[in-house]
Amino acid sequence: MPGLIQKSGYIKPGNGGSHYAEYIATREGVELIEAPPPSHDGGGYLEYMAQRPRSHGLFSADGPADLEKTMEEINGHTGPVWTFVYSLKREDAHRLGYESSESWRKLLLAHQTELAQAMKISPGNFRWRAAFHDEKHHPHIHMMVWSADPKQGYLTEKGIEKMRSQLSNEIFRDELLSLYQKKDLSYSQVRDAATEAMGRLIRHHGADGDAGRDAGEPQGQKGLRLPEKAGEGTGGRHRG
């Protein structure tokens, strides 16, 4: 079955993490997200239009993220920042509904506790941002993860695979369920066929036994005779 492609890495403190956030949020192909303007009108709206941040595609668990604040937070972070890319084939993304930042946001939100545990970060300290890039053949997201406690966070090969498995199982859940149902049906069919074959075999041997008895076969014997012991039934004598 087609799967979810995952790539992972990390950025050391002070080694360009904020620039990476800016890159994934503004590069060509990113799905732009704009925070809704304030509900009040008049001067407030004009002030918003004058001061609103540039358009970008960065989002978090809560929705559109503030790119400038994210960059500031990462700049001040003294621990590592992990980076991930999650990619699907276009046909899979289209069929399963992962062609927008919102669908990916809901996926990450639903599994952020498991992702945090896989990275050995307390769920309360788990921080992440992501951006969706609608690439022609492989739509994907870039995800950045760090801990509010810089001492937390440790990622092993086992943890990386656990993260991929969590997300992949959710994305392909309906198809996996259908596959398991088909396998269960196939097993049932094989089991029933084997039971029927055993029944025919038993009936066949039963018929053979009946035929043997009809021909004068002693009750309880099955047509096979044990060889007679030497001297028995031959009329011979034992020599002393």
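Straightening the chain between SER165 and ASP134 buys 8.9 nm, computed as 0.36 nm per residue apart minus the Cα-Cα spacing. For GLU135, the residues whose modelled amide H falls within less than 5 Å of its own, excluding neighbours fewer than 5 places apart on the same chain, are HIS140. Computed from the C-beta positions of GLN152 and LYS106, the FRET efficiency with R₀ = 30 Å rounds to 0.75.
So which chymotrypsin sites (Phe, Trp or Tyr not before Pro) in the range 120-174 are both in a DSSP loop and have at most 15 other Cβ atoms within 10 Å of their Cβ? Kindly include the intermediate steps, with their values, before the conclusion.
Working: sites: PHE126, TRP128, PHE132, TRP146, TYR154, PHE172; in loops: TYR154, PHE172.
Within the range 120-174, the qualifying chymotrypsin sites (Phe, Trp or Tyr not before Pro) (loop, at most 15 other Cβ atoms within 10 Å) are TYR154.
A short reminder: the numbers here are calculations on the coordinates, not readings from a lab. Quantities reported herein were computed from a predicted structural model and do not represent experimental measurements. As a convention, Cβ positions derive from the backbone with ideal geometry for all residues, glycine included, and neighbour counts pool all protein chains shown.
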